[in-house]
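Enquirer: Structure in structure tokens, see below.
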Amino acid sequence: MRKGLEIGGVIAGVVLIAFGVVAIVMGANGASTVVDELEKQNIVGSPDMSPEAIKAEAEEAGLSADVDLPDCDVAEKQVDSGERARCFASYMQIHALEATGGYAYAEMGRYEAKPNTPQSELAEGGGTDSEEFAVKDPETGLPADNEAREVWVTETALATALNASYMADRLSIFGIVVGIALLLTGIGFLVLVAGGAVRDPKTALRFLRRNGPNAS
């Protein structure tokens, strides 16, 4: 039985090491892919994408003091990492709020409202959801979209893509950490087996006492 356990320990150690190596390689490859794809987009932060500049800009735009402003800095820096992608996305949200007067998507009407539209038909952030009081597109004759709301939609789509890059980057790092943990665990298994821990339980106890955290 002990021989079988010893063989099983060796197999388990080898499998853990193999999984660890694979996880590290996949994590590193994922991180590299994120960087490569971001670099292809040639995204560079605008001059106002610094905490000081965006604070002054938000105050000038009249945004509420309750709006959380970014504390990162990508001003005139290339977005080539998940961290910078997330930072850039947070500034995009502030820009969108400035364009909509501080209102979010759900607070604006779907269509551009006609002049003198009744207050009851207007959304809090402007525009209307009523086709009756919507401005008609001269080319199609259909209700014209609320441009401020469209700005928010575009911003959300781009910010989501950038935040996905950040998530992919974090998952890659997590994969590398898990890979290292598996690698060390597998090595530990092989060390215990090589030391005869499976053949003689007392050997394992002596090994742990000699190499444990309290060993002098």
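The values are calculated or read from the model by the stated rules, or taken from the named source; none is laboratory data. These numbers were taken from a predicted model, which means no experiment stands behind them. Because the Cβ atoms are built from the backbone with ideal geometry, glycine has one as well, and the counts that use them run over all protein chains shown. For the accessible areas, the whole protein counts, side chains as well, though only heavy atoms, and no ligand, DNA or RNA atoms are used. Shrake-Rupley method; radii C 1.70, N 1.55, O 1.52, S 1.80 Å.
Enquirer: Using a cut-off of 15 Å between beta-carbons, work out the net charge of the residues near residue 171 (Lys and Arg +1, Asp and Glu -1, residue 171 not included). Working shown, then result.
Expert: Numbers: positive: 86, 170; negative: 37, 83, 169.
Net charge around residue 171: -1.
Enquirer: Considering the convex hull of the alpha carbon atoms of region 23-69, report its projected area averaged over all viewing directions, in nm², one decimal. Spell out each step's value before the answer.
Expert: On the way: hull surface 21.2 nm².
Result: 5.3 nm².
Enquirer: Another question, if that's okay. What is the sum of charges around residue 60, taking Lys and Arg as +1, Asp and Glu as -1, for the other residues whose C-beta is under 12 Å from the C-beta of residue 60?
Expert: -3
Enquirer: Please state, to two decimals, what the Cα-based radius of gyration of region 74-143 comes to when divided by 2.2 N^0.38 Å (N = residues).
Expert: Rg over 2.2 N^0.38 Å, computed on Cα atoms: 1.56.
Enquirer: Go ahead and estimate [θ] at 222 nm for the chain from helices alone: -39,500 (n - 2.57) per DSSP H run with n ≥ 4, summed, over the residue count, rounded to 500.
Expert: The helix-only estimate for the chain comes to -21000 deg cm²/dmol at 222 nm.
Enquirer: Still on this structure, I have one more. Excluding residues fewer than 8 places away in the same chain, name every one of the lysines whose C-alpha is closer than 20 Å to that of residue 114.
Expert: Straight-distance partners of residue 114: 136.
Enquirer: Accessible surface of residue 25 in the full protein assembly, 1.4 angstrom probe, to the nearest 10 Å²?
Expert: Its accessible surface works out to 90 Å², give or take rounding.
Enquirer: Calculate what fraction, in whole %, of the accessible area of region 1-140 sits on carbon and sulfur atoms when a 1.4 Å probe is rolled over the protein chains.
Expert: Carbon and sulfur: 53 percent of the exposed surface of region 1-140.
Enquirer: Just tell me which aspartates and glutamates come within less than 12 Å, Cα to Cα, of residue 3; anything on the same chain fewer than 8 places away is out.
Expert: Cα-Cα hits under 12 Å: 200.
Enquirer: Taking GluC sites (Glu not before Pro) that fall in a DSSP loop and have at most 15 other Cβ atoms within 10 Å as cut points, what is the longest piece of the chain between them?
Expert: Numbers: sites that count: 76, 124, 139.
So the longest stretch without any such site is 140-216.
Enquirer: What aspartates and glutamates does residue 40 reach when the alpha-carbon gap must be under 20 Å and sequence neighbours fewer than 8 apart in one chain are set aside?
Expert: 76, 80, 83, 155, 169
Enquirer: Place +1 on the Cβ of every Lys and Arg and -1 on the Cβ of every Asp and Glu in the chain, take the dipole about the Cα centre, and give the residue among 195, 159, 117 whose Cα lies farthest towards its positive end.
Expert: It is 195, whose Cα lies furthest towards the positive end.
Enquirer: List every residue whose amide H lies under 5 Å from the amide H of residue 79, counting only residues 5 or more places away in sequence or on a different chain, with H placed 1.01 Å from N in the peptide plane.
Expert: It is 43, 44, 45, by chain and number.
Enquirer: To the nearest 10 square angstrom, what accessible area does residue 171 show with a 1.4 Å probe?
Expert: Counting only protein heavy atoms, residue 171 exposes about 100 Å² to solvent.
Enquirer: Send over a whole-number figure in Å² for the accessible area per residue of region 1-97, probe 1.4 Å. It would help to have the intermediate numbers written out before the result.
Expert: On the way: 5700 Å² over 97 residues.
Solvent-accessible surface per residue comes out at 59 Å².
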